[in-house]
Amino acid sequence: MFLAWREIRYSKTRFALIIGVVVLISYLVFFLTGLAYGLAQENRTSIDKWEADGIFLAEESNTNINMSMFPKDLLEEVNADETASLGVVSSVIEPNRETDEDAKVNATFFGISAEEFIMPDIIDGDAFGEDRQVVADRSLRDEDGYEVGDELSLSGMDLTLELVGFTEDSKFNVAPVLYTNHSTYQEIRASGFGQREDEIISAIVVRQENGDIEAVEQTTDELALYDIDEFINNLPGYNAQVLTFGLMIGFLVLIAAMIIGIFIYVLTLQKSSMLGVMKAQGISSAYIGRSVVGQTFILAAFGVLTGLILTLGTGLILPNAVPYMNNFIFLITITGLLISVAVTGAFFSVKTVVNIDPLEAID
Amino acid sequence: MKLIELKQATKTFEDGRKTIEALKPTDFAVEAGEFVSIIGPSGSGKSTLLTIIGGLQTPSSGQVLINNDKFSELEEKDRAKKRFEEIGFILQASNLIPFLTVKDQLKLVNKIWNSTFDLSQAKNLLGELKIDDLIDKYPSDLSGGEKQRAAIARALYHDPSVILADEPTASLDTDRAFEVVDILSRETKKKNKATIMVTHDERLTEYCDSVYVMKDGILSKKS
Ligand SMILES: Nc1ncnc2c1ncn2[C@@H]1O[C@H](COP(=O)(O)OP(=O)(O)OP(=O)(O)O)[C@@H](O)[C@H]1O
Ligand SMILES: [Mg+2]
């Protein structure tokens, strides 16, 4: 480390430039990770919020909750520790008052029973009580300027709802969720299909001790039970998104490592005559190699940590609408990965060091 | 006591179809406290001899003994270790590391040995070479003669028993060259080392105890 540090101190500009490149790349990797994670969360926070273990959907729905419809009576045909009925429908909402911007928002309605476990906690205003009252995700307040007490109208529907409160972490398919009771849900849903006699729901969410969904019983073959993670992975577009971002991030990590590796390699080649002199003096390849690896570690650690700090800083000043979110496990993993892959790249240079012939130092 | 001894050492190079005998069978020894110089025309095999003694390459046949140890028969790694302990190299273009100050050039030896750096010891040595005021300078800030003296300090610092200098004065003017050779001669006597200096300049040999001439791979003592 003695040689590594002294050289960095002596060639400050050169090493500052290398660290600069590492900073930029790791900044990109971290930031992209934050965005990918944030976006992935917007698909699923409302589901994670249930802390459920499984979900029943209509047998023929192919895990697509939008295509799942069955009578609410089927609730009696399943037996789990806890069950909750859920109706899902998408719509477009708009406040009835004058607003500055175009406040039309794509939203998803969750029809639920207030006494069942998927009822969200209220962070502002009140829970829905009467028919046609709704509770919305806070993003409607923070990003779209909705307020408690707003009258909401639904596109293509002669129906007015009252916004009575806000909850948090409730996004489904990148859209905010509005919670309401089952009878209001029936009204919203039915307007597209005409009135029906039965109460229709989309899913039954279940909790079972120790997450053991094998133990959940059902006495109907109209419903199929899915593990909650399987359900999330099959959300439309979710898996493709996660895979795309995952691959991009993976490649970026590799590219970052290669760039650091190539820099170190070129530096080592440039120094080869000096390293030959050192070897002629009897300084071992192991000592020189350790200093090359140590130097790479210093460069990578400095660059990656600076990139990390920049990312965290950027996260603080980003507008709410950007789906950026920190996940410290990911950040720590990527930090470790970037540094260790860069250090691995340095071993190519160590090979060069070993191969340098000290004879070249003479003449 | 013989610190350097060659027994029937040879070096041949296969160069295409030709075989070059860079060093014909040579018997040669240098005692402790002896300052030997080797002169001879270009391509005669002087550097080859020096690198064989220093263990940078092994003889094609015969033996090299350093301090009565069969140096030339050691494994590459052990030879490097012994070289670091026993041999101080001084090269034509100085063997200083560009990003280390004169002080750190010496300190590096302590780092490798895991010993503690003794500033007053370093200053003493640099003082003997009259460069103690340059202790915090980088090689690029030193003149040719100062660099060469710093290189000598580096070669002497870990107190090797053998000093090998390949044209240490090539980049210096006559006055500086005499100064450097004078220093080498005094250190050899004072610390009882065996020193070999390869040079082109016959005038410098007046400081030496014995002078050898290398010609076409044959080493002979000059009377
Ligand atoms: N690795 C090698 N492969 C082939 N031939 C070599 C090799 N090293 C040295 N030689 C040859 O051995 C001979 C002696 O070379 P050496 O470098 O010892 O000469 P020198 O006396 O040091 O010359 P100079 O005064 O120019 O430095 C030369 O003919 C050279 O071409
Ligand atoms: Mg030579």
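Observations on the model:
- Within the stretch B:42-96, the residues that satisfy the criterion of being at the interface with chain A (Cβ under 7 Å from one of its Cβ atoms) and under 16 Å from residue B:219 (Cα atoms) are B:47, B:51.
- Of the residues making up the stretch B:153-169, those that are assigned to a loop (DSSP other than H, G, I, E, B) and closer than 17 Å to residue B:208 by Cα are B:167, B:168, B:169.
- Qualifying residue in the stretch A:127-137 (condition: more than 25 Å from the chain's Cα centre (by Cα), aromatic (Phe, Trp, Tyr) and within 11 Å of residue A:167 (Cβ to Cβ)): yes
- Residue match in the stretch A:36-50 (condition: touching a residue at least 60 places away in the same chain (Cβ under 8 Å) and not in a helix (DSSP H, G or I)): yes
- The strands (runs of 3 or more DSSP E) found entirely in the stretch B:1-116 that carry 1 or more residues being within 16 Å of ligand 2 (Cβ to nearest atom) and of a type in the set (A, V, I, L, M) are B:18-31, B:35-39, B:87-90.
- Subset tally (residues that are part of a loop (DSSP other than H, G, I, E, B) and not basic (Lys, Arg)) for the stretch A:55-103: 14
- Counting only residues that are surrounded by 17 or more Cβ atoms within 10 Å (Cβ to Cβ) and either farther than 30 Å from residue B:139 by Cβ or within 14 Å of chain B (Cβ to nearest Cβ) (or both), the stretch A:1-27 holds 11 of them.
- Among residues of the stretch A:84-103, those that are surrounded by 14 or more Cβ atoms within 10 Å (Cβ to Cβ) and not hydroxyl-bearing (Ser, Thr, Tyr), counted: 10
- Inter-residue pairs, beta-carbon under 8 Å, first more than 12 Å from residue A:81 (Cα to Cα) and in the stretch A:208-221, second part of a helix (DSSP H, G or I), 6+ apart: A:218/A:77; A:219/A:77; A:220/A:74; A:220/A:77; A:221/A:59
- Here residue A:53 meets each of (1) surrounded by fewer than 18 Cβ atoms within 10 Å (Cβ to Cβ); (2) of a type outside the set (A, V, I, L, M, F, W, C); (3) not assigned by TED's automatic domain parsing to the domain that holds residue A:321 with one exception, condition (1).
- Just one of the listed residues (B:58, B:19) is without any contact (Cβ under 8 Å) to a residue 24 or more places away in the chain and closer than 20 Å to residue A:277 by Cα, namely B:58.
- Qualifying residue in the stretch B:98-119 (condition: more than 14 Å from every other protein chain (Cβ to nearest Cβ) and out of contact with any Phe, Trp or Tyr (no Cβ under 9 Å at 6 or more places or on another chain)): yes
- Entirely in the stretch A:141-242, the strands (runs of 3 or more DSSP E) that have 1 or more residues that are at pLDDT 90 or above and within 24 Å of residue A:51 (Cβ to Cβ): A:160-167, A:175-181, A:203-207, A:223-227
The values are calculated or read from the model by the stated rules, or taken from the named source; none is laboratory data. Nothing here was measured: the structure is a model prediction, and the numbers come from that model. All Cβ positions, even for glycine, are placed from backbone atoms using ideal geometry, and neighbour counts span all protein chains on display.
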